[in-house]
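Q: One structure follows; several queries about it will come next.
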Amino acid sequence: MYKNIFQILRFHNLILGGLAVIISGYLLNHPFNFLTIICILIVMIVMAMAYVMNDYVDIQSDKINHPHRPLVTKKISYTQIFYIISILSILLFILILNINYYALLFLVIIIFPLTITYNIYFKNIPIVGNLVTSLLLGSIFIFSEITLNYSGHILTLPFLLCVAFNLLREMIKDMHDYEGDFHNNSYTAPIYFGKRTMNKIIIIYNFFLILICLIPYFIFHLNINFLLFLIIIIEIPLLYSVFLLIKFPNKRTYKYLSSLLKYLCLGGLLIIMLTKNSNIYV
């Protein structure tokens, strides 16, 4: 039972969200305290609710794309989904009582509406749906900054890198989910552009990421350690993904790259920590 709950909540992704909050606090010189824990829990709960909602909306396409998910296999019922959402909503309400007015507004005006409208409307708009998901994940840094150290100063670099990398992952996930989305009449980018054209777009975007990841090093005069870690942890895997997309553009490759990019995001978060003493956050 608990294993199925962890699976539908994407617990491993929630850990990455919590880590993003911790890194935000580190970059902002905010001590790890009660407010940090509150911020972590809010981020993880909002992410969990979004994943549950997504599984509920995508159940028909998941019968083909992800047949082992708990909702598809009926290891978790709709009644249990209701209880999970209810418990998470109550916990979220209690937690948001401890954050400042600006952070609360950010959640109510931007995050909640975008999360709901994504599943209802944006999800089936090619590229736009991918971008909305990426912006929501990137907004973890903005929310963390507002909650932990409100000064009107946004962690621009972590936000942009998170959005850029997750956009790549979302496009690759759409390629993997092509069959189920097509069968369910979903209007994703691979269905709109065609799989072959979309694969080329992803390859071009990969090269774009390889180049833009180098920009902070030259603009902000970061130390050589940043460049070395960047090449080993980010640049080389991205080049390898280009190779796979060119030589083996199939469902197995897309599934592998989707998992690889998740670890690249983790690596990216750790590399961002090396930028702390630069003039990026001045």
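Q: With runs of 4+ DSSP H residues as the only contributors, calculate the mean residue ellipticity of the chain at 222 nm using -39,500 (n - 2.57) per run, divided by the residue total and rounded to the nearest 500.
A: Calculated at 222 nm, the ellipticity per residue is -23000 deg cm²/dmol.
Q: Please label the shape of the chain as rounded, prolate or oblate, based on the square roots a ≥ b ≥ c of the eigenvalues of the alpha-carbon gyration tensor (a/c under 1.5 means rounded; beyond that, a/b larger than b/c means prolate, else oblate).
A: Since a/c reaches 1.5 but b/c is at least a/b, the shape of the chain is classed as oblate.
Q: Given the options ILE116, ILE224, ILE203, which has the most mean-square fluctuation in a GNM of the chain, springs set between C-alpha atoms less than 10 angstrom apart?
A: Result: ILE224 has the largest fluctuation of those listed.
Q: Sticking with the crude label model, points 7 Å out along Cα→Cβ, report the distance from GLN80 to ILE201 in nm, one decimal please.
A: Computed distance between label sites GLN80 and ILE201 equals 3.7 nm.
Q: Something else about it: Using the count of nearby Cβ atoms within 10 Å as a rough guide to exposure, how do VAL43, VAL132, VAL108, VAL52 rank from fewest to most?
A: The order, fewest Cβ neighbours first, is VAL108, VAL132, VAL52, VAL43.
Q: While we're looking at this one, here's another question. Suppose the chain between ILE120 and ILE59 were pulled fully straight at 0.36 nm per residue; how much longer would it get relative to their current alpha carbon spacing?
A: Taking ILE120 through ILE59 to full extension adds about 20.6 nm, to one decimal.
Q: Another question about this same structure. Normalising by the residue count of region 1-158, find the relative contact order in percent from Cα pairs under 8 Å and 6+ residues apart.
A: With pairs under 8 Å counted, the relative contact order is 30 percent.
Q: Let me check against my output: what whole-number percent is the relative contact order of region 2-281, with C-alpha pairs under 8 Å and at least 6 apart?
A: Reported as a whole number, the value is 20 percent.
Q: Something else about it: Tell me the net charge near ILE64. Cut-off is 10 Å between Cβ atoms, ILE64 excluded, with +1 for each Lys or Arg and -1 for each Asp or Glu.
A: Net charge around ILE64: -3.
Q: Can you tell me how region 163-205 classifies by the Cα gyration tensor, rounded, prolate or oblate, using a/c under 1.5 as the rounded cut?
A: Oblate, since a/c reaches 1.5 and b/c is not below a/b.
Q: Cross-link list LYS3/LYS255; LYS251/LYS276; LYS3/LYS276: which exceed 31 angstrom alpha carbon to alpha carbon?
A: LYS251/LYS276; LYS3/LYS276
Q: Can you tell me the dipole magnitude for region 2-281 around its Cα centre, using point charges on the Cβ only (Lys, Arg +1; Asp, Glu -1), in Debye to the nearest 20?
A: It works out to roughly 700 debye.
Q: Quick one, what does Rg over Rh come out to for region 34-189 if you take C-alpha atoms and the Kirkwood Rh?
A: 0.99
Q: Sorted from fewest to most neighbouring beta carbons within 10 Å, what does the list SER86, SER61 look like?
A: SER86, SER61
Q: Can you sort MET44, MET273, MET53 by how many other beta carbons sit within 10 Å, fewest first?
A: Fewest to most other Cβ atoms nearby, the residues stand as MET273, MET53, MET44.
Q: Grab the other residues whose beta carbon is less than 13 angstrom from that of HIS183, score K and R as +1, D and E as -1, and report the net.
A: -4
Q: Is region 149-282 rounded, prolate or oblate when judged by the Cα gyration tensor, a ≥ b ≥ c being the square roots of its eigenvalues, rounded requiring a/c under 1.5 and prolate requiring a/b larger than b/c?
A: Since a/c reaches 1.5 and a/b is larger than b/c, the shape of region 149-282 is classed as prolate.
Read-outs throughout are calculated quantities, based only on the coordinates presented, and are distinct from any laboratory measurement. Predicted, not measured: the structure shown is a model, and the values here were computed from it. In this analysis, Cβ positions are derived from the backbone assuming ideal geometry, glycine residues included, and neighbour counts consider all displayed protein chains.
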